[in-house]
1. Return the residues of the stretch 140-188 that are of a type in the set (D, E, K, R), loosely packed, with under 13 Cβ neighbours inside 10 Å and more than 22 Å from the chain's Cα centre (by Cα); say none if nothing qualifies.
2. Considering the stretch 124-139 alone, what residues qualify as being exposed (fewer than 15 other Cβ atoms within 10 Å of the Cβ) and part of a loop (DSSP other than H, G, I, E, B)?
3. Quick one: which residue in 168, 183 is assigned to a strand (DSSP E or B), farther than 30 Å from residue 13 by Cβ and of a type in the set (Gly, Ala, Ser)?
4. So residue 34 fits all but one of (1) within 16 Å of residue 63 (Cβ to Cβ); (2) surrounded by 10 or more Cβ atoms within 10 Å (Cβ to Cβ); what number is the exception?
5. Cβ-Cβ under 7 Å, sequence separation 6+ or interchain: first residue in the stretch 9-38 and without any contact (Cβ under 8 Å) to a residue 60 or more places away in the chain, partner hydroxyl-bearing (Ser, Thr, Tyr) and in a strand (DSSP E or B). Which pairs?
6. Would you confirm, using the coordinates I've provided, whether residue 159 is under 30 Å from residue 63 (Cα atoms), in contact with a His (Cβ under 6 Å, 6 or more places away or on another chain) and free of Cβ contacts under 8 Å to residues at least 40 places away in the same chain?
Amino acid sequence: MQNLLQDYIPQEAIPRVLKLLEHDNLTVKIKNERKTRHGDYKQLPNKKHQITINANLNEYRFLITLIHEIAHFEAFSTYGKYIKPHGLEWKRSFQHLMLPFLNPNIFPDNLLPLLANHFKNPKASSDTDVKLALALKQFDAPNNKTYIFQVPIGKDFKLYNGKIFKKGNKRVKRYECVELKTGKLYLFNPNAEVELLS
């Protein structure tokens with residue numbers, strides 16, 4: 001397991017992560033990028049448990065995602081299968097598991113206050129925490145994408161799936177965008193990455 005993880009998470013986090021994964025019936029698989037999720041957890045038909053994580057995540061996002069998924073396993077093991085996926089049991093498990101990692105030996109100083117704030121009440125995805133998501137993206141490999149909040153109102157942009165939208169006004173937190181082909185209105189997080197069309 002150490003060989004599997006050593007290229008994906010901060011070195012200082014490896015011993016503690018390996019301790020969390022000391023379960024005979026829990027496996028971790030690293031997958032190619034999936035656009036709709038960073039990772040997932042599921043109980044397999046043979047009663048074993050599997051966590052998958054996207055290989056393209058930077059080491060800090062990978063660690064957060066891995067602990068997020070281990071928290072699903074811990075919550076399931078402790079509270080049973082009838083809990084909400086991101087309910088109170090999962091939140092408590094995630095907070096408890098993540099706390100020892102929130103130190104400057106593992107995360108850069110500029111991320112720690114944002115992580116501390118996020119883990120007061122963790123959400124189903126760290127991407128919904130705009131400040132944290134933007135701070136984490138600074139550690140990603142460079143790409144030619146633009147954040148929605150940087151796209152001028154009225155300009156067109158394209159998603160990874162080829163759909164083209166026109167950016168509209170901001171609601172409370174998200175931007176109204178109209179899909180040009182269908183005329184349907186969608187709401188986008190400010191930190192969604194898109195391709196700006198000239």
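1. If the condition is that a residue be of a type in the set (D, E, K, R), loosely packed, with under 13 Cβ neighbours inside 10 Å and more than 22 Å from the chain's Cα centre (by Cα), then 171, 181, 184 are the ones that fit.
2. Listed by number, the residues that qualify are 124, 125, 138, 139.
3. 168
4. Looking at each condition in turn, residue 34 falls short on (1).
5. Once the first residue is without any contact (Cβ under 8 Å) to a residue 60 or more places away in the chain and sits in the stretch 9-38, its partners that are hydroxyl-bearing (Ser, Thr, Tyr) and in a strand (DSSP E or B) give 29/52; 31/52.
6. Values: under 30 Å from residue 63 (Cα atoms): yes; in contact with a His (Cβ under 6 Å, 6 or more places away or on another chain): no; free of Cβ contacts under 8 Å to residues at least 40 places away in the same chain: yes.
Spelling it out, it is not the case that residue 159 is under 30 Å from residue 63 (Cα atoms), in contact with a His (Cβ under 6 Å, 6 or more places away or on another chain) and free of Cβ contacts under 8 Å to residues at least 40 places away in the same chain.
Each value in this text was obtained by applying a stated rule to the coordinates, not by laboratory testing. In this text the structure is predicted, and so the values were computed from the model without any measurement. As a convention, Cβ positions derive from the backbone with ideal geometry for all residues, glycine included, and neighbour counts pool all protein chains shown.
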